[in-house]
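Participant: Below you will find the structure I want to go over with you.
The values are calculated or read from the model by the stated rules, or taken from the named source; none is laboratory data. Quick caveat: nothing in here was measured; it's all calculated off a predicted structure. Note that we place each Cβ from the backbone using ideal geometry, even for glycine, and neighbour counts take in every protein chain shown.
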Amino acid sequence: MEKVKYKDYLITIKDDDAESPNAWMDENRILVYDHRQFTVDRKGFEPMEIFQAMMEPALYKGYHVFPLYAYIHSGVSLSLTYNGDRWDTSMKGFILIKDGEEGVTSREEALKPAEDLVELWNSYLEGSYWFNIKNPEGDEIDSCGGFYGYDHEKSGLMDTCRDAIDNDINTVLHNKEQDWQQQKQQLNDSKQEFMEYFEHYVNEHTKL
């Protein structure tokens, strides 16, 4: 658990049990892997069948296919390139990027979303995190989970926290401004009522 201060607000960061990216069932970007220590299944996409189909230059079921390597040693780290470690690295999976979706019309254009998917999975495998934020009075103002990876700047967790705090500060200042304007109006109204009463009082007594 981590505790971070920002503008006198307390951010508490904890491990979170987030769902796998595979649970999102993204049909445009797919990862499959078949290893006894790391398995990711997707119906209709068997790694062995994909491997055999790669012997042909054509797309596989409308997808660009990239071999996927897994370095498995006290954890799992994925890559589209072989790292040279023949003992702990295997190639038993693939990244599939759908042709014609998200601006992808060639294998070259499919490489970037493939790399992005590998990065997303590596962040997920590093762990998922959750935060809550308390204001200087100790009241919780926000909480959220599902941020992948222990680099909280890279995952966007800290940006989300800072935005939430800045928005809360702006809201507090806005409310204070409204309260001040309301009090000012009430004071002006009271002053106006007093002046009207005083004028009426003077007029009445002048007549006497």
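Participant: Can you work out which of the residues in region 1-40 that are aromatic (Phe, Trp, Tyr) and in contact with a helix residue (DSSP H, G or I) (Cβ under 8 Å, 6 or more places away or on another chain) is surrounded by the fewest Cβ atoms within 10 Å (Cβ to Cβ)?
Facilitator: Quick first cut of region 1-40, residues aromatic (Phe, Trp, Tyr) only: 6, 9, 24, 33, 38.
Okay, now just the ones that are also in contact with a helix residue (DSSP H, G or I) (Cβ under 8 Å, 6 or more places away or on another chain), so 6, 9, 33.
Values: 6: 14, 9: 20, 33: 24.
Ranking the candidates gives 6 first.
Participant: Report every pair of residues separated by at least 6 positions or lying on different chains whose Cβ atoms are under 6 Å apart, first residue within region 12-29 and under 20 Å from residue 62 (Cα atoms), second of a type outside the set (A, V, I, L, M, F, W, C) and in a strand (DSSP E or B).
Facilitator: Note: pairs meeting the criteria are 28/98.
Participant: Let me ask you something else. Take the residues of region 127-154 that are free of Cβ contacts under 8 Å to residues at least 40 places away in the same chain and assigned to a helix (DSSP H, G or I): which is surrounded by the most Cβ atoms within 10 Å (Cβ to Cβ)?
Facilitator: 154
Participant: Considering only region 55-76, state which residues are among the small types (Gly, Ala, Ser) and buried (at least 18 other Cβ atoms within 10 Å of the Cβ). Reasoning before the result, please.
Facilitator: As a first pass, look at region 55-76 and keep what is among the small types (Gly, Ala, Ser): 58, 62, 70, 74-75.
The answer is 70, and nothing else.
Participant: Any residue that is of a type in the set (Gly, Ala, Ser) and under 30 Å from residue 79 (Cβ atoms) - is there at least one of those in region 190-200?
Facilitator: No: region 190-200 contains no residue that is of a type in the set (Gly, Ala, Ser) and under 30 Å from residue 79 (Cβ atoms).
Participant: Can you give me the number of residues within region 72-92 that are part of a strand (DSSP E or B) and within 16 Å of residue 113 (Cβ to Cβ)?
Facilitator: So the answer is 2.
Participant: Now for a separate question. Restricted to region 15-71, and to residues that are part of a strand (DSSP E or B) and modelled with pLDDT under 90, which residue is nearest to the chain's Cα centre (by Cα)?
Facilitator: Looking at residues that are part of a strand (DSSP E or B) and modelled with pLDDT under 90, I get 16.
Participant: Given the conditions (1) closer than 27 Å to residue 28 by Cβ; (2) over 17 Å from the mean Cα position of the chain (by Cα); (3) free of Cβ contacts under 8 Å to residues at least 12 places away in the same chain, and given that residue 159 satisfies all but one, which numbered condition is not satisfied?
Facilitator: Residue 159 satisfies all of (1) closer than 27 Å to residue 28 by Cβ; (2) over 17 Å from the mean Cα position of the chain (by Cα); (3) free of Cβ contacts under 8 Å to residues at least 12 places away in the same chain except (2).
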